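Taking it in order: structure first as structure tokens, then the write-up.
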Amino acid sequence: MGGDRDAFDVIIHASASRQYAVASLIMRDRHRAEDAVQDALVAAWRGLGALRDPGAFDAWLHRLTVRSCFAILKRDKRRRLLEREVAPDPATMSEPDSSTTLAERDRVERALARLPADQRAVVVLHFHLGLPLTEVAEIVEVPAGTVKSRLSRGLETLRRAMAAEPEARALNGGDRHD
């Protein structure tokens, strides 16, 4: 907080991969996620003096990252760019659960990509980072009730999207032709 760049580098190095993982799940594009994290880190450096509670640094940095993601998505929407689906970089993602197959993860990622950015951000922050809903609300700067409704709508959309996929119908016996 006193302007020590080396100390800032140490702190950022410890959390940059988590910020990138969050941004890549929200943005669904590696390059835009990198831009969002870079913007967030620049904002963190510039605004570090305004941080009142150093213990809240992680939540503050998550908030800056989510804001950067939303700003880029908004800018892209204004430019009417097409969003293309890009597979996340496995090196930046958390270790997969050994009980989860590659196909299941792929289905979840495809369904997640279909969510609006505000719902996707809430789902990612809550389930990927394991943050409580109150902290998610602080990060995305909306009331807790709004976070709960976004999470509920997002999860329902995910359930419907995944249930509609051919793999799910086949597993549930929905594609039988008796």
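The numbers here are math on the coordinates, done by the rules we state, and not lab data. Here the structure is a predicted model, which means the values were calculated and not measured. As a convention, Cβ positions derive from the backbone with ideal geometry for all residues, glycine included, and neighbour counts pool all protein chains shown.
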- under 30 Å from GLY154 (Cα atoms) and charged (D, E, K, R): does that describe ASP35? yes
- Item | Criterion violated by ARG114 - all others in (1) under 12 Å from the mean Cα position of the chain (by Cα); (2) over 14 Å from HIS62 (Cβ atoms) satisfied | (1)
